[in-house]
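Okay, so here's the structure we're looking at.
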Amino acid sequence: NPSLCLPPRETPDRAGAGMSQWACPACTLLNSPGVTTCNVCGALRPEDDPSSSGAWACPRCTFMNQSGRACAVCEGPRPRPQESKEAKGGKKKKEKKKERKKPQNDLPLPELVTVMEEARLERSCVELFQKKGVDVKQLVSKLGGQEWEKHVQPFKKYLVELGVKPGHALRIRRVIQPLADQRNTAEELPPIGCRVVVANHSVNAGVCWSEGRLEEVERTGTSWRLHVSTPLCVDNPSRKTFEWAGMMTEHYMVVPHDLDIALKDGSSVIGAFSDTVVPGGWAWYEGKVIGWRRGMPFVQYQDGTQWAHPHPPRAEMLDIDNSETELSRQVVERLCTDESHQQNVSPTPIIVIRTGGL
């Protein structure tokens with residue numbers, strides 16, 4: 001719950017006695033004199049960062065800066081020396097490999113003989129398809145499924161060219177159509193292993209979302225079931241089952257695999273905050289981006305609290321495979337008592353779940 005992340009009491013900083021606060025060159029946060037890295041974005045203090053010296057051109061606005069890690073005009077971050085065009089291109093190629101996978105559960109299809117019997121066609125039709133090397137999977141792919149009206153005539157023509165009578169082609173289409181629709185539904189399912197946050201209840205702020213991982217997709221007739229382990233930050237997470245009803249319902253929410261969704265005013269996000277009431281000691285809360293503060297998105301949560309978050313957050317925090325350690329109860333609690341909370345800046349991560357505009 002964002003309201004639980006109260007700012008800590010100010011304590012004397014012996015190491016920084018007699019010194020003034022220093023502004024982070026990357027996010028402009030005022031940090032205590034005794035720390036050498038920014039409490040929000042982790043940037044080094046300018047005098048401790050050898051890479052902050054020397055003139056450099058901002059890749060965003062082309063302004064020629066004399067020094068520093070952030071542009072003096074647009075506050076864009078200084079590019080790292082190793083981030084050449086080739087390196088960026090290689091990075092993009094690696095990211096493409098992480099694009100959304102197809103479900104690992106193959107859609108079971110009936111035998112060709114079963115399809116022809118359901119279409120009330122003779123054995124000769126089965127022999128015709130076998131002779132042409134055509135199976136049920138090929139027929140399903142040929143028909144398509146979505147907006148099938150556009151595919152009826154091409155599908156009929158395809159069957160007639162194989163030697164099927166026009167009247168028989170219509171019967172076959174009626175049997176293949178439900179199979180094609182099921183295949184399209186299967187392709188829309190989230191990949192095994194993805195992040196699925198599950199609706200929970202916090203006494204302090206109503207509905208929140210607990211971290212979960214999709215473990216199995218099960219087909220039951222013409223529908224699908226999702227089996228999710230949650231919450232991940234406890235020793236023995238429970239296994240919950242949901243009927244598939246799209247990427248987001250009141251009971252579960254599949255976090256988009258592509259975490260580079262455009263972030264702008266009006267976008268919906270979920271932010272991680274400590275909450276001792278829920279299992280695991282922390283949860284995700286939904287909010288909406290209402291503006292920007294020091295180059296960071298400013299989010300208003302459903303309980304009325306407002307927080308600015310560094311974006312994008314550390315990549316390892318958003319890696320579902322490392323959620324148990326990178327976003328454990330201890331980590332989130334530590335982040336929620338960080339000095340940056342004195343200025344309504346939260347170092348906890350946010351994930352964009354829906355892009356939008358005000």
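The values are calculated or read from the model by the stated rules, or taken from the named source; none is laboratory data. Keep in mind that this is a model prediction, so the values were computed, not measured. Backbone-built Cβ (ideal geometry, glycine too); neighbour counts: all protein chains shown. For accessibility, only protein heavy atoms count, side chains too; no ligands or nucleic acids. Shrake-Rupley method; radii C 1.70, N 1.55, O 1.52, S 1.80 Å.
Among the residues of the range 1-41, those that are assigned to a loop (DSSP other than H, G, I, E, B), of a type in the set (Gly, Ala, Ser) and at pLDDT 75 or above comprise Ser32, Gly34.
The residue of the range 46-68 that is farthest from the chain's Cα centre (by Cα), among those that are modelled with pLDDT of 70 or more and within 16 Å of Trp22 (Cβ to Cβ), is Ser67.
Would a scan of the range 249-257 turn up a residue that is open to solvent by 70 Å² or more (accessible area, probe 1.4 Å) and charged (D, E, K, R)? Taking every residue of the range 249-257 in turn, at least one turns out to be open to solvent by 70 Å² or more (accessible area, probe 1.4 Å) and charged (D, E, K, R). Criterion first (over 18 Å from Trp209 (Cα atoms), open to solvent by 10 Å² or more (accessible area, probe 1.4 Å) and not assigned by the TED database to the domain that holds Glu211) does Asp303 satisfy it? Judged against the criteria, Asp303 is not a match. If a residue has to be more than 21 Å from the chain's Cα centre (by Cα) and closer than 23 Å to Arg293 by Cβ to count, how many in the range 308-351 make the cut? Residues in the range 308-351 being more than 21 Å from the chain's Cα centre (by Cα) and closer than 23 Å to Arg293 by Cβ: 12 in total. Only one of the numbered conditions (1) open to solvent by 20 Å² or more (accessible area, probe 1.4 Å); (2) of a type outside the set (D, E, K, R); (3) touching a Leu at 6+ places or on another chain (Cβ under 9 Å); (4) not in a strand (DSSP E or B) is violated by Thr241, and that is (4). When Ile192, Ile172, Ile176 are checked against the criterion of being within 27 Å of the chain's Cα centre (by Cα) and modelled with pLDDT of 75 or more, a single residue qualifies: Ile192. In the condition set (1) assigned to a helix (DSSP H, G or I); (2) under 30 Å from Ser323 (Cα atoms); (3) modelled with pLDDT of 90 or more, Val197 is compliant with all but (1). Considering the range 253-358, the qualifying strands (runs of 3 or more DSSP E), each wholly inside and each with 2 or more residues that are modelled with pLDDT of 80 or more and out of contact with any Ser or Thr (no Cβ under 8 Å at 6 or more places or on another chain), run over 268-274, 282-293, 296-301, 350-354.
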